[in-house]
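The values are calculated or read from the model by the stated rules, or taken from the named source; none is laboratory data. Model, not experiment: these values are computed from the prediction. No Cβ is skipped: glycine too gets one built from the backbone with ideal geometry, and neighbour counts run over all protein chains shown.
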Amino acid sequence: MCLPLRWRGVAEGTDNVEDSRPLLQMTGIDKQFPGVHALDDVSLEVHSGECLALVGENGAGKSTLMKILSGVYPADVGTIRIDGREVHPHNPHHAQTLGISIIYQEFNLFPNLSVEENIFIGREPNRAGFVRRRMLREDALAFLSQLGVDLDPGAIVRNLSVAQQQMVEIAKALSLNARIVIMDEPTSALTENEATALFRIIRGLKARGLGVIFIGHRMEEVFAIADRISVLRDGRNAGDMPAGEATAERVVQMMVGRPVDELYVDHVAESIGPVVLSVRGLGRRGTARDASRVVLEGIDLDLRSGEILGVSGLVGSGRTELARAIFGADAYDEGEILLEGRPARIATPQDAIERGIALVPEDRKLQALVLLLSVRENITLPTLSRFSTLGFVRRGAERRLVERFIETLRIRTPSQNQRVMNLSGGNQQKVVLAKWLAREPKVLIVDEPTRGIDIGAKAEVHALLRELADSGVAIMMISSELPEILRMSDRVVVMREGRVAGELSRDDVTQERIMELSTGVRHDAPAA
């Protein structure tokens with residue numbers, strides 16, 4: 001299907017022709033915030049038909065650089081050129097008119113509007129002030145067709161999956177005649193099949209002559225999609241190379257400044273103690289709308305002092321629902337929870353907290369942090385009563401505790417008073433961990449503890465979890481990353497369709513065994 005005439009332009013594309021002049025040049029970019037030198041003489045190039053992977057630790061400056069390109073921040077020093085012409089994006093709308101489109105991790109969509117309305121928001125075809133609905137739908141279908149996406153233009157966005165919402169964002173970028181598409185952690189919430197579909201679409205964008213900037217942490221994805229890799233470290237250029245000449249070890253060393261074998265050490269428990277938490281016959285049915293659906297059924301498991309119990313399984317297997325039930329965030333219909341052998345009725349998160357259970361949830365921004373509050377306020381929120389006398393907070397004692405956690409967890413922040421929303425993802429995750437560690441929990445449940453954070457921060461979180469386990473904390477770690485499960489777990493419980501599909505010891509666990517239990521299909525089973 002051809003694009004409508006009024007929307008034709010760069011988005012339709014022509015043959016992918018090599019051009020010695022870069023489509024985009026950013027040269028000598030410098031940006032400072034109070035107490036932070038975010039970017040220091042950074043340069044970057046993107047050619048037509050190229051996918052550039054921009055990688056670096058959280059806090060390396062990737063997001064700041066892209067916000068400058070997309071008009072969110074002005075650069076203090078430096079130049080931006082598109083097709084050799086110097087441009088100065090004043091705001092995001094101006095950047096869009098220059099052909100620059102950015103797709104953030106948190107999508108910029110209106111959930112109560114339809115797909116077609118989101119694609120053309122503020123630019124709907126109209127006559128005499130009335131939206132021409134038929135034309136709106138045809139135009140939306142044209143762009144969705146260009147992406148090879150089978151999606152109803154009239155569907156309400158809040159009812160779509162994360163992957164489908166991402167396709168709406170990309171279709172919107174094409175409708176804006178984008179020449180440069182920036183994707184910030186586009187696969188962080190996608191399944192493997194959805195990520196594969198996204199890569200197919202990225203290759204289609206390249207074939208049309210667009211330049212794609214792919215910000216990601218997963219090395220296997222970077223090498224699967226990138227033509228070239230540019231590395232930032234501490235706000236400076238650390239390296240730039242064709243993907244075909246790079247290795248994961250070389251890229252990681254550029255990112256963190258030290259060899260990859262110094263980052264990861266497999267966890268071996270020093271001493272595993274008695275059972276701290278037991279779950280017996282735990283079950284939960286669906287919502288009032290679908291009461292017949294099984295969310296959890298017959299869950300039995302034990303968690304011991306000093307061990308890391310890995311919980312694996314496919315998306316929708318019930319892993320997060322199990323964590324929320326144990327923490328009192330969701331009610332369970334049957335079964336019981338025991339702490340140190342004694343029944344413990346946990347009806348609310350407050351019940352769990354008082355009994356020494358802490359939960360680091362999957363979505364730290366929505367469920368774990370108050371983004372507008374400071375690092376200090378977030379860390380001490382669950383323990384504020386310890387620093388209060390007659391309703392007055394003892395600020396000195398509070399600051400000393402927070403400073404201890406900032407130093408111990410190596411939280412990168414200009415001060416305790418920095419708003420947590422301004423920290424990188426890895427440092428936000430450390431704030432969440434600090435918040436619960438201040439409570440000195442007996443049981444720590446971590447749901448996707450390293451999702452969306454860089455390799456260096458991931459290694460630091462892993463080291464912290466190992467230290468906590470060695471100190472006697474019982475840890476339940478839910479993760480979709482099989483290497484993380486294999487590296488960190490003393491035992492692994494695999495879930496499927498709301499049930500425990502199997503348990504594997506450290507000596508018996510392999511990726512193949514986990515996938516067999518997750519899917520119910522033997523790895524060596526003959527094809528039907």
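Taking the criterion of being at pLDDT below 85 and under 17 Å from Ile353 (Cα atoms), the residues of segment 377-397 that qualify are Leu384, Ser385, Arg386. Residue check: is Leu423 out of contact with any strand residue (DSSP E or B) (no Cβ under 6 Å at 6 or more places or on another chain) and either surrounded by fewer than 21 Cβ atoms within 10 Å (Cβ to Cβ) or of a type in the set (Phe, Trp, Tyr) (or both)? When the stated conditions are applied, Leu423 does not pass them.
Yes or no, residue by residue, for (1) in a loop (DSSP other than H, G, I, E, B); (2) modelled with pLDDT under 90; (3) under 22 Å from Ala269 (Cβ atoms):
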| position | (1), (2), (3) |
| --- | --- |
| Arg280 | no, no, no |
| Arg284 | no, no, no |
| Ile299 | no, no, no |
| Leu303 | no, no, yes |
| Thr320 | no, no, no |
| Ile326 | no, no, yes |
| Asp330 | yes, no, no |
| Gly335 | no, no, no |
| Asp351 | no, no, no |
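Scanning segment 191-225 for residues that are within 19 Å of the chain's Cα centre (by Cα), buried (at least 18 other Cβ atoms within 10 Å of the Cβ) and part of a loop (DSSP other than H, G, I, E, B) gives Gly216, His217.
Conditions (1) under 28 Å from the mean Cα position of the chain (by Cα); (2) under 24 Å from Glu185 (Cα atoms); (3) without any contact (Cβ under 8 Å) to a residue 24 or more places away in the chain; (4) assigned by TED's automatic domain parsing to the domain that holds Ala195, marked per residue:
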site	(1), (2), (3), (4)
Ile80	no, yes, no, yes
His90	no, no, yes, yes
Ile102	yes, yes, no, yes
Phe107	yes, yes, no, yes
Ile119	yes, yes, no, yes
Asp150	yes, yes, yes, yes
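Take the conditions part of a loop (DSSP other than H, G, I, E, B), in contact with a strand residue (DSSP E or B) (Cβ under 6 Å, 6 or more places away or on another chain) and farther than 30 Å from Leu65 by Cα and apply them to Gly154. Does it pass? Yes: the conditions hold for Gly154. Residue count for segment 487-502, restricted to those that are outside any loop (DSSP other than H, G, I, E, B) and touching a residue at least 40 places away in the same chain (Cβ under 8 Å): 11. Only one of the numbered conditions (1) buried (at least 19 other Cβ atoms within 10 Å of the Cβ); (2) touching a Gly at 6+ places or on another chain (Cβ under 8 Å); (3) of a type outside the set (S, T, N, Q) is not met by Lys442, and that is (1). Looking across segment 77-109, the residues that are surrounded by 13 or more Cβ atoms within 10 Å (Cβ to Cβ) and in a loop (DSSP other than H, G, I, E, B) come down to Asp83, Pro89, Leu98, Gly99, Tyr104, Gln105, Phe107, Leu109.
Hey, among the residues in segment 214-254 that are among the β-branched types (Val, Ile, Thr) and touching a Pro at 6+ places or on another chain (Cβ under 9 Å), which one's nearest to Leu482 (Cα to Cα)?
Residues of segment 214-254 that are among the β-branched types (Val, Ile, Thr), as a first pass: 215, 222, 225, 229, 231, 247, 251-252.
Within this subset, residues satisfying the condition of being touching a Pro at 6+ places or on another chain (Cβ under 9 Å) are 215, 229, 252.
On the way: Ile215: 22, Ile229: 25, Val252: 19 Å.
Out of the qualifying residues, it is Val252.
Of all residues in segment 21-56, those that are crowded, with 23+ Cβ neighbours inside 10 Å and touching a Ser or Thr at 6+ places or on another chain (Cβ under 8 Å) total 6. Within segment 336-379, the set of residues being touching a Phe, Trp or Tyr at 6+ places or on another chain (Cβ under 8 Å), under 28 Å from Asp300 (Cβ atoms) and among the aliphatic types (A, V, I, L, M) comprises Ile346, Ala352, Ile357, Ala358, Leu359, Val360.
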